[in-house]
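**Q** The structure follows.
The values are calculated or read from the model by the stated rules, or taken from the named source; none is laboratory data. Quantities reported herein were computed from a predicted structural model and do not represent experimental measurements. Heads up, the Cβs are rebuilt from the backbone with ideal geometry, glycines too, and the neighbour counts pull from every protein chain shown. SASA here: full protein model, heavy atoms, side chains in, ligands and nucleic acids out. Shrake-Rupley method; radii C 1.70, N 1.55, O 1.52, S 1.80 Å.
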Amino acid sequence: MATVAPSRPRVASASASTPAQALGPLQLTRDLTRLAVSKAGMATKASGRRRVGLDDEEAAKRAASDAFLRTRLQAVLDPRSTSQSPREPSPAQVLAASLPLLQPDRSAIIDPHITQISRIISQPHQTSADLNSPYSQRMIADVLAACWFRAAEGSKKPQQERIGDSRSISESFATFLIRECAHNEDVIKVGKLLDILEGALQKFRDARLRFRIPTPMVAAWAVLLTKTGRTPSLAFTWPDREKVVAYIEKTAPATAPEVYSTGLDSLLGSRRPIDLPTSLLELENRLAQMRASRDRQGRFDLWTQFSEDLRIHNKGTQVLLDPTIRSDVLAVFLNAFMTPASRGIKWNEATNEVIDEILRLFPRPLPRKVHHLLLARRARLSLEENEENDREEGLGVAEPGFGEARDVRSLDEQPVLVRAQDRHQARANLHAAWKDAGEAGRDLKMYMLYMEGLGRMGDLQGLQAAWNALVADDKCRQMYLAGEKGQYPPTRALNLMISAALLIPRLGPPVALQLFDQAIQPNSSISPDLITINTMLRHHARTPDLSAMSSLFSLAEKLKLKPDIVTYTTLVQGLLRAGELEMAKKTFGTMAAQGLEPNERMCSMLVADLAKSGRSSGLANAEDLLAEMRRRKMKIGVITWTALISGYFRGGWEEDAWAAVKRMEDQGMPLNRVAYNILLRQSGDIAQERGKGWSISLFERMIKQGVNPSSDTYVIVLAPLIRAKRWNLADNVVRHMDKLGFVPEKGGLRMLIRKVRQRRANI
């Protein structure tokens, strides 16, 4: 539909008999802003829709406007001398030049100057009546609030990329508010400033920029709350009361801090007191429950309560404050916060602050279990598994290793590795933690965690050096043999070393094979076990190298190692990958003779491996395997069916996929939510690979059958729709979510919903 071009705004000429009134910088900026808003409104109304982009002429005008605003700001911040002595920047002119730059799309102009702007406009203005007006005070507060948030947001970045000095700007903002309100009895005027402050704090909280709110902001907040008689609408983790009182004394020396006790009490008392556990075991259980439910805020609040009680020696928590178990209590807290870091989660900054606080309370040198936690965090930096899947070992961490040879897994499944662009910093952090661990004397677990991290980061040279150091470390040998009997290094260390080397492309596998060949020699001090065999079998099954796989089975028999379900599953995976379907079927008989019946997990993994490519040959073999399972009267569950159906969708055999769904449902197994999520994700990935539109029919079928979507479902559905810019369908999904009253809990889902709603508002 054609749109009417917005008419060019007319400029009214001033009457000759009415001289134009001179405008001060604030009034001029105010009127220009109103005019700009008016123009945008007329353009929107004329076109019948909001503008999404700029044409060439408008872009040129915008560039010229930005250049003018940038030049004006630089000029007022560094005024040219008109006399022998240089002039100081005019606060009124700086304020006027800053106001138009508060728009988000002009932040690049103001960002380099926010510290200087805050310092200038927050100073007392006895000589400028214009700046002392209530309106001007609100404008100053608006600019200071924007500068503070930008600096706080920028403080997450590396030092060389940070925007402004967050601490300096927060002090300028708070000092201005306290000074302007300390002797102001006009509740309405003070309330306007309080609204601006709480608006900035709301953004600060929503962005989760810090674990604790800065002391100056709490001091200003307490003063404004006292003056207005209002109660706080937000809750934070607060700094020490003594620090807040000291800041008020410094900023408003003519007023006793006790005057603001009402505001202080309403703030520092607004966080609900938390009943701390009465025993170490209860503390560990409560934190474990919080991890399982992903209750991060609960962990922060529990630690804050404990640290406050520790500082004031609260008798009510005497058990946890007992110095004899202090290190154990701190280790439990440290373990609760030492979850693998997730790249997209904004809690990392807050978590690091808590970890630093906990570490400062430990005695020196740090206990070994603390070094285990630190090394685990550095070694598993890139992991993004759900926290409830973390394997705990009391106050320690999960056993080092990758678990591939212990569980039935797809041959294509790999441990999560550190991204190439993150490896340099990740290695530096891991090496630093390893160096610090030396002060306590390195034990076997430290070595294994370190080697696990080196494997994930692709550091073969470091991995070989760590293995050689482990073999030669007499102190580690003595610590190990004091608690366990047997060979040193133990076989589990060998298995981890082999697995870590196999993770490193090209250069790693030869090192792993060489180490394995040494271990199977008669004079080797380390004896391989079944996990060693399974690890190497998995490596050869990927190729697939049938000769090497056969040799490993012969070796296992020679070493009197009885194959388990993982061994046979890996063998069958390799046979199927080599196209030896009949041999794979015969292996089922061998398993039965050994007392190992193939289970559903094994068969679903095999079906998934066959069907994954979507090729007709693989799908035909997957159907043959299903027939074999039926012949053996094995249960074919939802997981197995879903693996087959996913393969049909991936190959573009949509008619066959729906036929498989019908066969599954005919056997009394309707698709459940997990199965739908797998199929939805599969179809979304295929659409992206092939550049085709993603069909929402599967999601509609899910709703029609009464299967309630989860947060994962909505993420799986919305992501490809937004990626393909299919906004109408995405909007329908969000409206359906609203109709159900579904409350999104995951940050990723909230972000997707926000994109859809913003797009809806812009149409």
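**Q** For region 446-601, which whole-number percentage of the solvent-accessible area (1.4 Å probe, protein heavy atoms only) is attributable to carbon and sulfur atoms?
**A** Values: 3670 of 7090 Å².
In region 446-601, the share of accessible area belonging to carbon and sulfur is 52 percent.
**Q** Rounded to the nearest 0.05, what FRET efficiency do Gln521 and Asp186 have when you use their Cβ-Cβ distance and R0 = 56 Å? Don't jump to the answer; show the numbers that get you there.
**A** Numbers: r = 89 Å, r/R0 = 1.59.
According to the calculation, E is roughly 0.05.
**Q** Follow-up. Among all lysine pairs in region 541-680 that are eight or more places apart or on different chains, how many have alpha carbons less than 25 angstrom apart?
**A** Step by step, the pairs that qualify in region 541-680 add up to 17.
**Q** Tell me, in nm to one decimal, what length is gained between Ala256 and Glu242 on full extension, where the rule is 0.36 nm per residue of separation less the Cα-Cα distance?
**A** Stretched out fully, the Ala256 to Glu242 stretch lengthens by 3.7 nm.
**Q** Counting other Cβ atoms within 10 Å of each Cβ, which trypsin sites (Lys or Arg not before Pro) in region 479-581 have at most 10 and sit in a DSSP loop?
**A** Within region 479-581, the qualifying trypsin sites (Lys or Arg not before Pro) (loop, at most 10 other Cβ atoms within 10 Å) are Lys485, Arg506, Lys560.
**Q** Once phi is turned into θ = phi - 60°, what whole-Hz ³J(HN,Hα) does the Karplus curve with 6.51, -1.76 and 1.60 give for every residue of region 238-243, x standing for Gly and Pro?
**A** 8, x, 5, 4, 4, 5
**Q** Taking H as built 1.01 Å from N, whose amide H comes closer than 5 Å to the amide H of Arg442, not counting residues under 5 places away?
**A** So Arg442 has HN proximity to no qualifying residue.
**Q** Follow-up. Report the extension gain between Gln123 and His736 in nm, rounded to one decimal, defined as 0.36 nm multiplied by the number of residues separating them, less their alpha carbon distance.
**A** Working it through step by step, the gained length comes to 215.4 nm.
**Q** What list of ³J(HN,Hα) values in whole Hz, one per residue of region 540-554 in order, does the Karplus curve 6.51 cos²θ - 1.76 cosθ + 1.60 (θ = phi - 60°) give from phi, with Gly and Pro shown as x?
**A** 6, 5, 5, 5, x, 10, 5, 5, 5, 5, 5, 5, 5, 5, 5
**Q** Still on this structure: Over the heavy atoms of Arg87, what accessible area does a 1.4 Å probe trace out, to the nearest 10 Å²?
**A** Its accessible surface works out to 110 Å², give or take rounding.
**Q** Still on this structure: To the nearest 0.05, how large is the calculated FRET efficiency for Phe553 and Arg673 if R₀ is 56 Å and r is the Cβ-Cβ distance?
**A** E(calc), rounded to 0.05, equals 0.90.
**Q** For a quick check of understanding: with a 1.4 angstrom probe and all protein chains in place, what accessible area in square angstrom does Arg757 have, to the nearest ten?
**A** Probe radius 1.4 Å; accessible area of Arg757 about 100 Å².
**Q** Still on this model: Where only protein heavy atoms count, and the probe is 1.4 Å, what is the accessible area per residue for region 419-470 in Å²?
**A** Per-residue value: 41 Å².
**Q** Here's another thing I want to ask about it. Could I have the simple spin-label model distance between Asp66 and Leu417, label points 7 Å from Cα toward Cβ, reported in nm to one decimal?
**A** About 3.9 nm separates the two model spin labels.
**Q** Turning to a different aspect of this structure: Using a 1.4 Å probe, what is the accessible area per residue for region 506-664, in Å²?
**A** 47 Å²
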